[in-house]
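Q: Structure in structure tokens, see below.
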């Protein structure tokens, strides 16, 4: 009898504790994944920048800074000298625009946008080149093998540390789309891999470092040789960032990446591959899908390249992206372009290559919401309190079941 009484008491205690734990877990549960945008402007005006920042504020939980300008303040970083004033001013502008409660993701990279050549030296102005340190003399600047140089590594670590101290991001990407290097020049991959390890370990020795990762393009990872070469670094990183624009498969093929199938397998097949690629958490560091099709002459002496898109495809991609993010526990998603930038493209006469992502915004340049925005909000931004209410309901259900079981015993 005493043993049975003890069992009843233990069960009764659990009936109180289990529902409480379920309800309390709601307090730590918000959106299933942090989501947001860069502040990419859709036109050359303060109003255009303000509109992009309003999208970040109202339709996300994350603010992304994507520093892919192709320059690094190598000299100042190596000497510990003050950084160019315009860089610090840009950082301060981002901090001033960061909405309260939003997480911050920062991406920097040691190469030019070709993902191979050493980034140039930032100068006294954003459009003025600087001078490389004399220690860099003789380095092969058009080759990633320069990333193996000890002074290059020390300078990039110092720059990363300055950026982290100033901006205090939650996540830091120290190499943008670097699987492209392994695809194009496999023999130079180890130089970047060594730099990434050096910078990550150096930053980890500091106080309260962010999560540190690199980003790869998903289409190039589908090449078995690229996957094999880049997986070890991904596994050693705190997270793996993914750059994925599935509609641009034709351009990826020109670069040597495997072709993607037609939608929706165009994105679902790569997502399924990614689920088992690395032991590190996944984050979508940049992505997008267009609401209309384009054909662009991005390579001279070749026919225009087709970039398909539609409102329906954009919406379906958002829905499947949200489903996979929840299934595979993604850390965050950055939808790179918040507003279509066709106005900007015409204002500054962008070349065809830079127009590839023109219509990937979740808003038109007239600030009209695309159908995909409703999917984005419904799947990735549950209404405040909706998740908590669901957990409370589960807690009450668990409590009722416990009480019924106790009465029967």
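Please treat every number below as a calculation from the coordinates, not as lab data. Since we're looking at a predicted model, the values are computed, not measured. Positions of Cβ are backbone-derived with ideal geometry, glycine not excepted, and every protein chain shown enters the neighbour counts.
Q: Given segment 30-384, what percent of its DSSP beta bridges are antiparallel, to the nearest 5? Don't skip to the end; give the middle numbers.
A: Values: 8 of 41 bridges.
Counting DSSP beta bridges with both partners in segment 30-384, the antiparallel share is about 20 percent.
Q: Once a ≥ b ≥ c are taken as the square roots of the eigenvalues of the Cα gyration tensor of segment 30-384, is the result rounded (a/c under 1.5), prolate (a/b larger than b/c) or oblate (a/b not larger than b/c)?
A: Working: a/c = 1.38, a/b = 1.27, b/c = 1.09.
In terms of gyration-tensor shape, rounded.
Q: Got a sec? Which residues in segment 223-262 would a label at residue 299 touch, if it sits 7 Å along Cα→Cβ and we count backbone N under 15 Å?
A: 248-260
Q: Per-residue counts of other Cβ atoms within 10 Å, averaged by peptide: what ranking do you get for 335-346, 185-196, highest first? Spell out each step's value before the answer.
A: On the way: 335-346: 22.2, 185-196: 18.7.
Ranking, from highest mean packing down: 335-346, 185-196.
Q: How far is helix 311-328 tilted off the main Cα axis of the chain, in degrees rounded to 10, range 0 to 90?
A: The helix 311-328 is inclined about 60 degrees to the chain.
Q: So if I take the centroid of the Cα atoms in segment 192-212 and the same for segment 320-378, what is the distance between those two points in Å?
A: Using only Cα atoms, the two centres lie 31 Å from each other.
Q: Report the label-to-label distance for residue 165 and residue 204 in nanometres (one decimal), using points 7 Å from each Cα along the Cα→Cβ vector.
A: Label-label distance for residue 165 and residue 204, simple model: 2.2 nm.
Q: For the pair residue 69 and residue 197, how long in nm is the line joining their label points, each one 7 Å along Cα→Cβ?
A: If labels sit at residue 69 and residue 197, their model points lie 3.2 nm apart.
Q: OK, next. Report the Stokes-Einstein translational diffusion coefficient (µm² s⁻¹, integer) for segment 245-298, Rh taken as the Kirkwood radius over Cα pairs, at 37 °C with viscosity 0.692 mPa s.
A: Values: Rh = 12.7 Å.
This corresponds to a translational diffusion coefficient of 257 µm²/s.
Q: Quote to one decimal, in nm, the extra length available between residue 306 and residue 354 on full extension: 0.36 nm per residue of separation minus the C-alpha distance between them. Don't jump to the answer; show the numbers that get you there.
A: Working: separation 48, 0.36 × 48 = 17.28 nm, distance 1.42 nm.
This chain segment gains 15.9 nm when fully extended.
Q: In addition: Taking 7 Å along the Cα-to-C-beta vector as the label spot, tell me the residue 374-residue 95 distance in nanometres, rounded to one decimal.
A: 4.1
Q: Could you tell me how many degrees, from 0 to 90 and to the nearest 10, lie between the Cα long axis of helix 150-167 and the main elongation axis, the longest principal axis, of the Cα atoms of the chain?
A: The two axes meet at around 50 degrees.
Q: Turning to a different aspect of this structure: Where in segment 189-225 does the amide nitrogen come within less than 18 Å of the point 7 Å from the Cα of residue 255, taken along Cα to Cβ?
A: 189-190, 192-193, 214-225
Q: What is the angle, in °, between the Cα long axis of helix 265-274 and the longest principal axis of the Cα atoms in the chain? Nearest 10 is fine, range 0 to 90.
A: Between helix and principal axis, roughly 80 degrees.
Q: What's the FRET efficiency of residue 131 with residue 276 using the Cβ-Cβ distance as r and R₀ = 45 Å, to the nearest 0.05? The partial results should precede the final answer.
A: Values: r = 46 Å, r/R0 = 1.03.
Computed FRET efficiency for residue 131 and residue 276: 0.45.
Q: Something else now. With just the Cα atoms defining each centre, how far is segment 272-310 from segment 60-133? Give it in Å.
A: 25
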